[in-house]
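Read through the structure below, which is laid out as C-alpha cells, and then see the notes.
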Amino acid sequence: MYSKFTIAQKYLHYLLTSSNGKGHGTHSPFVFDFILNVLNDKTVYPDYKKIENIRNELLKNKNTIEVEDFGAGSGVIKTNTRRIDKIAASSLKSKKYAQLLYRVVKYYHPKQIVEIGTSFGITTSYLATANSNSVVITHEGATSILKIAAETFNKLSLSNIQLKKGNFSETLPATIADLRTIDFAFIDGNHRKKPTWEYFELLLTKSNENSIFVFDDIHWSIEMENVWKEITLHPAVTLSIDLFFIGIVFIKKDFKVTQHFSVQF
Ligand SMILES: C[S@@+](CC[C@H](N)C(=O)[O-])C[C@H]1O[C@@H](n2cnc3c(N)ncnc32)[C@H](O)[C@@H]1O
C-alpha cells in the first residue's frame, strides 16, 4: 500500500491531468452520455437517505466483533477484535462512490450483479435498491461482518440479495459456474494483483456485450495500479474510465476502438 503522502500526490496528478468531468473534449458519445447522465446526476434519490441512515448507525456503534482476517490471501485465518464504527469508517465505500454505483445500476439496468466484498452491506444495498429487478450476489468471508450485512438487508427489506459466505477463492468460482451471464460486477476485496486478475478473468468468462466491471482502489498500491493497467489493456475491454478511487471498465463489443479516459469526479 502506498503512503498517504504518495496517494495525495497521485490524486493531485489525477486532478491536474484528468478531463474536467463536464464531458467537454470527450469524443465518445457513450462517455459523454455517462458523464452527463450518470457521473454528474445530482438528483438526491430518496433511497440515498434510507441507506445512509444505516451507515450512520454503524458509524456510531462502538461494540466490538471478532473478525476473521483474510489479508495476505492465504487460507489461514486469524481473528482480530474490531470496533464496528472503525470498520464502518474505514472499509465501506464512501457515500459519493456508493451513490455513483447506484446511479450506474439505475441507468444501465444490469440484472445479474456480483459484488466481491460485502462488509456491512452498504454498497450492496445501493446496488440492490437501484434496480429491484436485479439479483445481487455478494461475497464475504468474515462471519460476524456478514451477520451485520444480513441485518442491513433486513432493515431495508431487500429481498434481491444473495449472500455467499466464505473465502472468495471458493465462493466466487462457485457463483460464476452457476450464472449464465454477469451484467455488472463490483470488485472490492483482497486488493492485490494476483487475486484481482483472477477475479477479472473469472468474471470475463460470463461477461456479455453490455457488462460493466468496477474495480475499487485502483491507485492504492503499485500492485493495484499494475493490475488496473493490465485490465484496461485486455482485449475484451473496449472502454475504461479512471475515477482515481475506482476504475470502471466496459466490455462493449460494439465500440470500434478501445478508449481510456481519466475523468474528474
Ligand atoms: C472493502 S470491504 C467491502 C466494502 C463494501 N463493498 C462496501 O463498499 O460497503 C472488503 C471485504 O472483503 C472481505 N474479504 C477480503 N478478502 C477476502 C477473501 N479472500 N475472502 C472472503 N472475504 C474477503 C473482508 O472481510 C471485507 O469485509
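The numbers here are math on the coordinates, done by the rules we state, and not lab data. Note that the structure is a prediction, hence the values are computed from the model and not measured. We place every Cβ from the backbone using ideal geometry, glycine too, and count neighbours over all the protein chains shown.
Using a simple spin-label model with pseudo-atoms 7 Å out from Cα toward Cβ, Lys10 and Ala236 lie 2.4 nm apart.
Once the trypsin sites (Lys or Arg not before Pro) in DSSP loops with at most 10 neighbouring Cβ atoms within 10 Å are cut out of the chain, the longest remaining piece is 63-179.
Could you please report the charge total around Phe153, scoring K, R as +1 and D, E as -1 over all other residues with beta-carbon less than 13 angstrom from its beta-carbon?
So the surrounding residues net to 0.
Listed cross-link partners Lys49/Lys206; Lys4/Lys155; Lys50/Lys165 are compared with a 29 Å cut-off, the Cα-Cα value being larger for Lys49/Lys206; Lys4/Lys155. Ranked for footprinting exposure by Cβ neighbours inside 10 Å, fewest first, Thr258, Thr118 give Thr258, Thr118. Sequence-ordered 3J(HN,Hα) estimates for segment 220-233 from the Karplus curve with 6.51, -1.76 and 1.60 and θ = phi - 60° stand at 6, 7, 5, 4, 5, 5, 5, 5, 4, 4, 5, 4, 5, 8 Hz, glycine and proline given as x. Once the gyration tensor of the Cα atoms in segment 101-238 is diagonalised, the equivalent ellipsoid follows with semi-axes of 23, 17, 14 Å, ordered largest first.
Which number do you get for Rg(Cα) / (2.2 N^0.38 Å) in the chain? The partial results should precede the final answer.
Details: Rg = 17.7 Å, N = 265, 2.2 N^0.38 = 18.3 Å.
Here the Cα radius of gyration is 0.97 times the empirical estimate.
Compared with the direct C-alpha span, the chain from Lys111 to Phe255 gains 49.7 nm at full extension, assuming 0.36 nm per residue.
Backbone geometry of segment 99-113 corresponds, through the Karplus equation with coefficients 6.51, -1.76 and 1.60 at θ = phi - 60°, to 3J(HN,Hα) couplings of 6, 5, 5, 4, 5, 4, 5, 4, 7, 9, 6, x, 9, 9, 10 Hz, x marking Gly and Pro. Would you mind getting me the FRET efficiency between Val44 and Ser169? Use the beta-carbon distance for r and R0 = 41 Å, nearest 0.05. FRET efficiency, Val44 to Ser169: 0.55. Helices in the chain, meaning DSSP H runs of at least 4 residues, each add -39500 (n - 2.57). Divided by all residues, the mean residue ellipticity at 222 nm is -13000 deg cm²/dmol.
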